[in-house]
Amino acid sequence: MKTVAFVAATTVGQALTKGVCPICEILKDFQWTLSESTQPKADLRVCNFHVWALARSRGKISRSTPGETVTEVFLELLESPLIGKANSAECALCHKVLAEEVARLRELAERFQSAMFVQWMTTQGTLCLDHAPKLKEFVPLRLRPSIDKIVERNRTELKAELQVFREQLRHGAHEGGGILGRVAEFLVGQRGL
C-alpha cells in the first residue's frame with residue numbers, strides 16, 4: 001500500500017460550526033481523502049465498505065464511466081492471489097480511520113477543559129450516540145455528565161424536528177428531509193466509521 005501522510009481536511013474547531021457531530025464530520029472527510037489517496041494493490045487488505053470506497057473514489061479522478069473505474073480498481077486488487085475478505089479489524093483503511101478517530105477524540109477532550117467550551121457544547125454542540133461514550137473515555141469524570149446533557153438535548157431537538165417533518169409529510173410537503181440524515185448520524189454515526 002502506498003504510504004501517504006494524511007492531514008485532516010477539517011479541524012475540530014471547523015467541524016463544530018457545522019451542526020453535526022464533529023468527530024463524524026472529520027472522519028467522513030478523512031475517510032474519503034484516505035480512499036482517494038490510497039492506491040489499490042493486490043496485497044491491500046480492505047473490508048467490503050472500503051473496497052467500494054476505493055472504487056468510488058477513482059470515479060472522481062477518472063473521466064471514464066463509473067463501471068470502468070470500478071472494473072480497473074477490482075482488476076488491480078485481483079492481480080495476486082486473494083487471501084479472503086478482510087473484516088474491519090483486518091482492514092488497513094479501518095485501522096487508519098480508527099487512529100484518526102482516537103486523535104480527534106483527544107483533541108475534542110482537550111477543548112472540554114474550558115468551562116466556556118463546555119457551556120457552548122451543552123447549549124449548542126452536537127455529539128452522536130457513537131462518539132459521546134467514546135469521548136467520555138478521554139475527559140475527566142466531572143465532565144462526563146456534560147456529555148450526557150449534550151446527547152439528551154440533541155435527542156430532544158431531533159425528536160421535535162422529526163415530529164414536525166412527519167406532520168409535513170402527512171400534508172404532502174417534503175421540504176426539510178435533511179433531518180433524516182441528521183437523525184441517522186445521531187443514532188449510528190457516519191457510515192463506515
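Structural remarks
- Efficiency of FRET between Glu137 and Ala99 - r from beta-carbon atoms, R0 22 angstrom, step 0.05: 0.90
- Zone residues, the range 117-148, relative to Lys18, backbone N less than 14 Å from point 7 Å out along Cα-to-Cβ: 126-128
- Annotation: the residues Arg170, Arg155, sorted from fewest to most other C-beta atoms within 10 Å of their own C-beta, follow the order Arg170, Arg155.
- Across the range 115-193, the mean sequence separation of Cα contacts (distance under 8 Å, 6 or more residues apart), normalised by length, yields a relative contact order of 40 percent.
- Paramagnetic reach from Arg106 (point 7 Å along Cα→Cβ, amide N under 13 Å) across the range 131-155: 138-139
- Here the 3J(HN,Hα) profile of the range 92-102, calculated from phi with Karplus coefficients 6.51, -1.76 and 1.60 at θ = phi - 60°, is 4, 6, 4, 4, 5, 5, 5, 5, 5, 4, 4 Hz, Gly and Pro shown as x.
- A simple charge model with +1 on the Cβ of Lys and Arg, -1 on the Cβ of Asp and Glu and nothing else charged puts the dipole of the range 134-193 at about 260 debye relative to its Cα centre.
- Rounded if a/c under 1.5, otherwise prolate or oblate - the range 113-193, Cα gyration tensor axes: prolate
FYI, it's all coordinate maths here, none of it is from the lab. Quick caveat: nothing in here was measured; it's all calculated off a predicted structure. Virtual Cβ from ideal backbone geometry, glycine too; neighbours counted across all protein chains shown.
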